[in-house]
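Values in this text are rule-based calculations from the coordinates and carry no lab data. What you see is a predicted model; the values in this text were computed from it and never measured. Don't worry about glycine lacking a Cβ; one is built from the backbone with ideal geometry, like all the others, and counts go over all protein chains shown.
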Amino acid sequence: MFEPLVAASTLYQPPIATLLIAGLAIMVNLISSLVRKRFTDIEKTKRVQKEVREFNAELRKAMMSKDKEKEVKLKKKQKKMNEMQMKMMTQNLKTSMYFMLPFFGVWWILIGAFGYETIMAYSPIAIPLLTSNPSLGIIYDVNLNFFWWYFISSISFNGVITKITGTGMTG
């Protein structure tokens, strides 16, 4: 009486598999950005990064110009800068852990469902890919398996999603 709209076997083949994995990449990036927004003080992180970047540039300039007085003064401030940077990195790492541990569980379920070597998408050009076979090393291929298609999709959508959610760490 009720027929499925899509046969189960076609879920594992392009173009449906291609769209499913791209959708998964969008969803994962969106959730990751929202978790980061919830648990990270993004403005403070940007401020600290900017301050550290400016400090490092000033220290480099003092070292290059051999201004020993300024270099000694900046070296005293360096410990404080390193502590600020470490605090921000620790906060970002904690946020990443909140998200990554559940993600790895979902990742293994999906690899079990789709299979690692199943072709999910086709590239219009041959691209260099690392293989799971160490003797092959890097190959040029148009066939993208689950891992590579997810990886490319995730990178492609990440910048847009972080821009939309305001969670980018550059600035």
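Tabulated data for the structure shown
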item: Within a Gaussian network of the chain (alpha carbon springs, distance under 10 Å), most fluctuating of 119, 42, 155; result: 155
item: Out-of-range pairs (alpha-carbon distance over 20 Å; input 80/163; 44/163; 50/87; 50/77; 37/80; 46/75); result: 80/163; 37/80; 46/75
item: The chain: most fluctuating residue of 23, 105, 159 per GNM, C-alpha cutoff 10 Å; result: 105
item: ³J(HN,Hα), Karplus 6.51/-1.76/1.60, whole Hz, each residue of the range 83-93, x for Gly, Pro; result: 5, 4, 5, 5, 4, 5, 5, 5, 4, 5, 5
item: Helical contribution to [θ] at 222 nm, DSSP H n ≥ 4, -39,500 (n - 2.57), averaged over the chain, rounded to 500; result: -24000 deg cm²/dmol
item: Computed label-point distance, nm, for sites residue 27 and residue 165 using a 7 Å Cα→Cβ extension; result: 1.5
item: Zero-based 5 Å bins, Cα pair distances in the chain, whole percents; result: 1, 7, 12, 13, 12, 12, 11, 10, 8, 6, 4, 2, 1, 1, 0, 0, 0, 0
item: Most fluctuating residue given options 152, 139, 111, as computed from a GNM of the chain linking Cα atoms under 10 Å; result: 139
item: Under 18 Å from residue 76, Cα to Cα: lysines that are on another chain or at least 8 residues apart; result: 61, 66, 68
item: Residue-span extension gain [residue 57 to residue 19] - 0.36 nm each, minus C-alpha spacing; result: 9.2 nm
item: Cut-off under 5 Å, modelled amide H: who pairs with residue 143 long-range; result: 123
item: Distance between the range 58-129 and the range 12-28 - C-alpha centres, whole angstrom; result: 26
item: Karplus 3J(HN,Hα) series, Hz, for the range 29-41 with 6.51 cos²θ - 1.76 cosθ + 1.60 (x for Gly, Pro); result: 5, 5, 4, 4, 5, 5, 5, 4, 5, 6, 10, 10, 7
item: The range 10-17 - phi-based ³J(HN,Hα) in whole Hz, Karplus 6.51/-1.76/1.60, Gly and Pro as x; result: 7, 5, 9, 10, x, x, 5, 4
